[in-house]
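One structure below.
The values are calculated or read from the model by the stated rules, or taken from the named source; none is laboratory data. The structure presented is a predicted model; accordingly, all values stated were derived computationally and were not measured. Counting neighbours? That spans all protein chains shown, and the Cβs are built from the backbone with ideal geometry, glycine included.
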Amino acid sequence: MQRTSTITTRASLLRDALAVMHAEYATADLTLDDVARRIATSRRQLQRCFDEHGDASFRRSLTDIRMHHAADLLATTKLPVKTVAARVGYRQPAQFAKAFTRTHGTPPARYRTQIPFATAA
């Protein structure tokens, strides 16, 4: 059983890590090590935070953040899918399309056409 202080510390580290991830999701090379350094903790400690207090792993959490922003861009802009991929941190449009399809159940271009409330900027 963990001490209350350990639980509190890890929950706080997770919040800090998620804040960094939300701010820097577009950085293509954002890694667990990068985030750990930014919040002054170790890679292993941050892994424990995600395992014990997060809803998903670091990688899955980062993908979810990126896919949320990608869906928003697809629904509200006319940016090409390739540009959306780059804006949310993917260097390879094919890798982005695969992740988007896995997350949203439809390829990015089709997702855009299926959004009835989409407004082009």
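Annotations for the structure displayed:
- Considering the conditions (1) outside any helix (DSSP H, G or I); (2) in contact with a helix residue (DSSP H, G or I) (Cβ under 6 Å, 6 or more places away or on another chain), residue 29 is excluded by exactly one of them, (2).
- Any chance residue 112 is over 21 Å from residue 11 (Cβ atoms) and of a type in the set (D, E, K, R): yes
- Only one entry of 44, 10, 66, 15 meets the criterion of being modelled with pLDDT of 95 or more, in a helix (DSSP H, G or I) and more than 18 Å from the chain's Cα centre (by Cα), and that entry is 44.
- Residue within the stretch 93-113 that is closer than 19 Å to residue 30 by Cβ, out of contact with any His (no Cβ under 9 Å at 6 or more places or on another chain), of a type in the set (A, V, I, L, M) and outside the structural domain of residue 22 (by TED's automatic domain parsing) present: yes
- All of (1) surrounded by 14 or more Cβ atoms within 10 Å (Cβ to Cβ); (2) free of Cβ contacts under 8 Å to residues at least 60 places away in the same chain hold for residue 88 with one exception: (2).
- First in the stretch 37-50 and crowded, with 18+ Cβ neighbours inside 10 Å, second anywhere and part of a loop (DSSP other than H, G, I, E, B), Cβ under 7 Å, 6 or more apart: 50/57
- Looking across the stretch 86-115, the residues that are more than 15 Å from the chain's Cα centre (by Cα) and in a loop (DSSP other than H, G, I, E, B) come down to 92, 105, 106, 107, 115.
- Selection count, the stretch 70-85, where residues are assigned to a helix (DSSP H, G or I) and either buried (at least 17 other Cβ atoms within 10 Å of the Cβ) or of a type in the set (S, T, N, Q) (or both): 9
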